[in-house]
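Asks: One structure follows; several queries about it will come next.
The values are calculated or read from the model by the stated rules, or taken from the named source; none is laboratory data. Since this is a predicted model, take the numbers as computed values, not measurements. Cβ sites come from the backbone with ideal geometry, for glycine too, and all protein chains shown count toward neighbours.
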């Protein structure tokens, strides 16, 4: 299905008790706006707007299915998006984006979220390519997994964990954003909407065998995100790996630069067989919080570096 270019809501548009400031993001399934609430607080509003299914004609704010065939799929997606908003509104955790409100308007659904200030992990990777410290990675992902544990406890999956969906606040704390792929609970039957995933970060079962989705699916994406911190780019896409796995183990690629424990954990998370990965976020989190594995390795690296410099100088 071809994605149609859709018009954003105009700046200054009044949406319930919110005023649209400007569009700040969006993809194939939604648009995101910066807005002000009745108390002039900044919020982010996510609008369900799948370009492959609907159109907003120029000069209109109403959304309509682009064909009769798309109407039922769009309505099913609306229901899932609304249920997602209801589920996320029940999660109040520092490391998960806070959903403040959700409602129907303009023939679609809107999700109002707390507006966060900072930058994405992807922006941090681009600015510090190849120079991200292990301590930073352990801290960020250990905290982030607190939020992901809460998501899983509510019978939700994120299904699109990646550096651009991990926001680093000004105080350094991470927050998991954009649950665009979490359109159903673990107990709901599979959505008829086209699957949404990001190559390199999506687990093999997101391409095929979607009935096998589980916490281990998000764990693959966490491992891929840590890999991106190490490499500066994502690992080989899982569907390509299933055909011809060319992904060199992290233990070989960065041996001596990071602790063996961290590198082994990345390789563990990136196993193609979902049953061979960590099965729970708690298991992974305990490893990342074990900083005892970091210090000896770092001392060894710095000692070797000092010895090398001394030989060169004297």
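Asks: Run residue 165 past the list (1) modelled with pLDDT under 95; (2) surrounded by fewer than 18 Cβ atoms within 10 Å (Cβ to Cβ) and report the number of the one that doesn't hold.
Replies: (2)
Asks: Among the residues of the range 229-245, what is the count of those that are touching a helix residue (DSSP H, G or I) at 6+ places or on another chain (Cβ under 6 Å) and either buried (at least 21 other Cβ atoms within 10 Å of the Cβ) or within 14 Å of residue 285 (Cα to Cα) (or both)?
Replies: Number satisfying all stated conditions: 3.
Asks: Related question: Checking residue 151 against (1) surrounded by fewer than 22 Cβ atoms within 10 Å (Cβ to Cβ); (2) touching a residue at least 60 places away in the same chain (Cβ under 8 Å): exactly one of these is not met. Which one?
Replies: Going through (1) surrounded by fewer than 22 Cβ atoms within 10 Å (Cβ to Cβ); (2) touching a residue at least 60 places away in the same chain (Cβ under 8 Å) one by one, residue 151 breaks only (1).
Asks: Counting only residues that are under 14 Å from residue 111 (Cβ atoms) and outside any loop (DSSP other than H, G, I, E, B), how many does the range 35-57 have?
Replies: Selection size over the range 35-57: 7.
Asks: Scan the range 35-54 for residues that are under 10 Å from residue 115 (Cα atoms) and crowded, with 17+ Cβ neighbours inside 10 Å and report the count.
Replies: The qualifying residues number 4.
Asks: Quickly run through the range 200-219 and pick out the residues that are under 16 Å from residue 284 (Cβ atoms) and part of a loop (DSSP other than H, G, I, E, B).
Replies: 201, 203, 214
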